[in-house]
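The values are calculated or read from the model by the stated rules, or taken from the named source; none is laboratory data. Remember, it's a predicted structure, so these values are computed and weren't measured experimentally. Glycine gets a Cβ as well: all are built from the backbone with ideal geometry, and neighbour counts include every protein chain shown.
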Amino acid sequence: MKKIIIFLGLLQLFALKAFCQLEGDVLDQTNKAITNAIVIATDSTGKVVDTVKTDQRGFYFFKKLKQGKYKIEGKAPGFQPAIYTIRIEETPKDANDGDDTYYAETLDIILKRPKTTKQ
């Protein structure tokens, strides 16, 4: 029974290391938050791994990304889509030191309104 408990404890430890986090804000050109913007994470093989919406403050959060390179796309009605490339690294060993803090990569996304032409 002790072996099973130890094994399950080790499994949980490795599971915590298996994912990384990415968070940020989606903002317009004047740094105003964009509510309900869509943020899409696509891995290096072109597979969409997660899609989230921003909250009322323009904040988004991916909590289960694997280490690697991602294309992050932000879009919202009335704005041009913005695409960023980011490499998610492994969480530092001292980042989760038991004080209820977490470590996450940060990427703020700036969306621009399309240019209008005068007629």
Q: Specify the residue that is surrounded by the fewest Cβ atoms within 10 Å (Cβ to Cβ); the eligible residues are those in the range 41-85 that are over 12 Å from the mean Cα position of the chain (by Cα) and hydroxyl-bearing (Ser, Thr, Tyr).
A: Thr45
Q: Please determine, by comparing only the residues of the range 90-108 that are under 12 Å from the mean Cα position of the chain (by Cα) and within 19 Å of Ser44 (Cβ to Cβ), which one is modelled with the highest pLDDT.
A: Leu107
Q: Determine whether the range 19-31 contains at least one residue that is among the aromatic types (Phe, Trp, Tyr) and modelled with pLDDT under 95.
A: yes
Q.
If I go through the range 45-73 residue by residue, how many of them are β-branched (Val, Ile, Thr), part of a loop (DSSP other than H, G, I, E, B) and over 19 Å from Thr35 (Cβ atoms)?
A. 1
**Q.** Condition met for Ile6 (aliphatic (A, V, I, L, M) and at pLDDT 95 or above)
**A.** no
Q) Of all residues in the range 28-40 being of a type outside the set (Lys, Arg) and exposed (fewer than 13 other Cβ atoms within 10 Å of the Cβ), which is farthest from Lys115 (Cα to Cα)? A) Asn36
